[in-house]
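Below is one structure, written out as structure tokens; comments come after it.
A short reminder: the numbers here are calculations on the coordinates, not readings from a lab. No experiment lies behind these values; they were computed from the predicted model shown. Cβ sites come from the backbone with ideal geometry, for glycine too, and all protein chains shown count toward neighbours.
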Amino acid sequence: MNLNISNLGKFIWKSQTVPGFGFQQVRNKWANWLMIRDVKRRRMSAEHFLERTRINALRKNNVLPPEIRELADKEINKFELNATPMRINNRCVITSRPRGIVKEWRMSRIVWRHLADYNKLSGVQRAMWG
Amino acid sequence: MLSRLRIRRDIKFFVRCLSDKPPEHDAKMPEVKAKDPKDEKKDGAESSTEKIQALLKLMMAEPQISDSEYRERFTTAPERPKKQKPDVIEVKMEKIEENITKAATEVAQAIGGNVKQTEAELLSRVLGKINQTTTTLSDLIVGMKVDRSRDAEETAPRETRGQQVKRLTEKARTVTQRPRYSPRQQTEEQMPKQRKSLAQANTIDIFSGEPLGIFKPQQVNYGTKLDVWEQLNQRELMLATSQPPANYFQKMIVWTEQGKVWKFPIDNEQGMEEEQNVHFSEHIFIDSHLEGWCPTKGPIRHFMELVCVGLSKNAFYTAKEKFDHIMWYKEYFESKQDVLKEIGVWELKPTSGTSEATT
């Protein structure tokens, strides 16, 4: 799995060949370590999604004999925890806020409001009636 | 007048002594300032000459450190053999003196009489003349012989440029092979001896030199592929040649090439043009893929038919993806053949498909 997030940090901190050894700050474009974890989980679940759904289909049915279902149970536990899509957290894409997300835009309400006021969101207008 | 000034000074002094506060400025300072410019004007001319003379004396004095010590401590420029211009005739003083003495003896013998006296007189006159600074070059050269000793014994034949390059490259190769921290004293001693002057530009023989062998295919690393290196090389070239977009039009061009820009009229299947060639029957009638491996009756068949129904209703998968989906199940079941046979679900003969009740 090619993740540039954690591996690069480890590489710079621990390998003595890179000139930033022990001191180089690792810079990311993500706002938060929580955001980075979320990104990792999304990538992992995207990678294992197909196989996982197929094994899950074997589990979630009444048709197949129970022995096969038990086998499928054991197999699905072999996946890493981060491969489960249930662990994905819908955070704000800009501020990494966990709550108050406007889902369609993937933003927190504060950022959403800011951009809407500056006319950056298509079709969004200040509500006014009466 | 002066007495008044003195009194004032004394009063100031007394006041300073009595007062508790320290004086704001030192009373001596203005006096000192008044003295200095006057002194400089008087002694200006004298001190400069004195300084120059002192410097000259220093130069004339012998150095405190010996030559070898100096060379050890400080890095001196390596001695290079100086080029000798063919126009100027080199004159060696020793030879001059020898010739002069010879000539003097010959003359004295020819004249006769007191050989030694005549010799001494002649030598004194001639040598005295040489020591004089007013003599012209022609006077000096009259009795002198041209020293052509250098031409007789040629220094090692001057190396051509090609040879020099070869020597340097070989040295570079040997240097990289040698361990980094080997004692370098020996090499430093060798270095000044090896350095030679460049070939002169008068005559360059292009065809006489040895070839460098750069363009021959070398056996080292021949045929091996450095994938990452090549990729990075390509990346570097691309970065070097491609300029960032100068205006918004160029940005849009780059985006369309990357596929980020929606093309008008908006087509929801913008990236998936090949799928339009696939007939819809391939999406719906997938049961044909179950033939050959799937048992005709039993829970597995039931399961697989459900899978096919689900896939046929899927508008988002490509036909190939649906096929892969079914094949994955085929491989999965074939890997679990032992367990399935124990249960009695997986019989290869399609007719005998006795299965357990499905609950």
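Figures for the structure shown
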read-out	value
Most positive-pole-ward Cα, A:L50, A:F79, A:W33, against dipole of the range A:30-89 from beta carbon charges	A:W33
Coil-residue trypsin sites (Lys or Arg not before Pro) of the range B:238-294, DSSP, other Cβ within 10 Å capped at 11	B:K260, B:K263
Unsatisfied cross-links (Cα-Cα over 30 Å) in the set A:K29/A:K74; B:K57/B:K116; B:K166/B:K225; A:K103/B:K313; A:K74/A:K103; B:K83/B:K171	A:K29/A:K74; B:K57/B:K116; A:K74/A:K103
Per-residue HN-Hα couplings for the range B:331-345 [Karplus 6.51, -1.76, 1.60; θ = phi - 60°; Hz; x = Gly/Pro]	5, 4, 5, 5, 6, 9, 4, 4, 4, 5, 5, 4, 5, x, 9
Environment charge of B:E106, counting only residues whose C-beta is closer than 13 Å and scoring Lys/Arg +1, Asp/Glu -1	-1
Residue-by-residue Karplus 3J(HN,Hα) for the range B:260-273, coefficients 6.51, -1.76, 1.60, Hz, glycine and proline x	8, 9, 6, 9, 8, x, 4, 10, 5, 9, 5, x, 10, 6
Positive-pole candidate from B:A319, B:F303, B:H289, dipole of the range B:274-358, charges at beta carbon	B:F303
Table column - 3J(HN,Hα) (Hz), the range A:31-36, Karplus curve with 6.51, -1.76, 1.60, x for Gly and Pro	6, 8, 5, 5, 5, 5
Fewest-first ranking of B:M238, B:M327, using other Cβ atoms within 10 Å as the exposure measure	B:M238, B:M327
Per-selection metrics, the range A:30-89 (Cα): Rg and Dmax in Å	14.1, 48
For B:W346, distant residues with modelled amide H under 5 Å away	B:K341
Taking B:T296, B:T203 and counting other C-beta atoms within 10 Å, the order from fewest to most	B:T203, B:T296
Shape category assigned to the range B:274-358 from the gyration tensor of Cα positions, a/c cut at 1.5	prolate
Footprinting exposure proxy for B:I206, A:I88 (fewest neighbouring C-beta atoms within 10 Å first)	B:I206, A:I88
